[in-house]
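This report concerns only the one structure given below.
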Amino acid sequence: MEVSVLNIKGQETGRKVTLNDSVFGITPNDHVIYLDVKRYLAAQRHGNAKTKERSELSGSTRKLGRQKGGGGARRGDINSPLLRGGARVFGPKPRDYGIKLNKKVTQLARRSALSYKAQENAIVVVEDFTFDAPRTKNFIEVLKALGVEGKKPLFLMEELSENVYLSARNLPRVRTMSARNLHTYGVLDAGVLVITEKALAGIDAILAK
């Protein structure tokens, strides 16, 4: 599949690039996409919730009442979960929600997501660019020139320059990312992919069979 290379003014440069069929032209595998998205979302969870167990509370260990005949539930010390201010039974503990996937599975998921975007003609290739200084207005002009304003674009660059990142940071529904950090969720979440020439070569180097 051939795609014309544009400059940041939206004009054709006269060059064309061929999207690698092994990356952008495979039959998408929905199940591995599901697994990789699940892995990504699980990794976003902090897992820091913590409640104190009985042994972690400060309080007397004296038994409050006799074992039988009190007319109520049995209870031990004042840290009992049955009492107000007592411990919590089976409370949450800090944990890692991460899910491990084989490298080949994650790569197949990314190729599948990119192939979906290619099928939808939602890929724009631009020549490499940067800004002399961070300025959101300049980035808005690029969005308009490329015709991706309001389409939730994801800009993939070989190396994400600080000026480009800062220029796009305040724009809603616009994301920038270096090619080596590409992940399945980001591709599927984007409405259109804007890929620089060097980033495209980097994606091929990482994902091509």
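The values are calculated or read from the model by the stated rules, or taken from the named source; none is laboratory data. None of the values given here were measured: they were computed from a predicted structure. Backbone-built Cβ (ideal geometry, glycine too); neighbour counts: all protein chains shown. Remember, those area values only see protein heavy atoms, side chains included, never the ligands or the DNA or RNA. Shrake-Rupley method; radii C 1.70, N 1.55, O 1.52, S 1.80 Å.
Observations on the structure shown:
- Complete set of residues in region 109-135 that are open to solvent by 40 Å² or more (accessible area, probe 1.4 Å) and more than 13 Å from H183 (Cβ to Cβ): Y116, Q119, E120, N121, E127, D128, T130, D132, A133, P134, R135
- Test for E120: is it of a type outside the set (S, T, N, Q), under 21 Å from K9 (Cα atoms) and out of contact with any His (no Cβ under 8 Å at 6 or more places or on another chain): no
- Hey, R15 closer than 30 Å to E141 by Cβ and basic (K, R) or not: yes
- Taking the criterion of being under 14 Å from K117 (Cα atoms), of a type in the set (A, V, I, L, M, F, W, C) and in contact with a strand residue (DSSP E or B) (Cβ under 9 Å, 6 or more places away or on another chain), the residues of region 183-199 that qualify are V187, A190, V192, L193, V194, I195.
- Pairs where the first residue, in region 8-21, is surrounded by 13 or more Cβ atoms within 10 Å (Cβ to Cβ) and the second is acidic (D, E) and assigned to a loop (DSSP other than H, G, I, E, B), C-beta under 7 Å, 6+ apart: T13/E127
- The residues of region 151-172 that are in contact (Cβ under 8 Å) with a residue 12 or more places away in the chain, over 22 Å from I203 (Cα atoms) and exposed (fewer than 13 other Cβ atoms within 10 Å of the Cβ) amount to a single one, N170.
- Against the test of being in a loop (DSSP other than H, G, I, E, B), over 30 Å from I206 (Cβ atoms), open to solvent by less than 70 Å² (accessible area, probe 1.4 Å) and among the polar types (S, T, N, Q), the options T61, T51 yield a single qualifying residue, T51.
- The residue of region 26-48 that is farthest from R95 (Cα to Cα), among those that are in a loop (DSSP other than H, G, I, E, B) and open to solvent by 50 Å² or more (accessible area, probe 1.4 Å), is T27.
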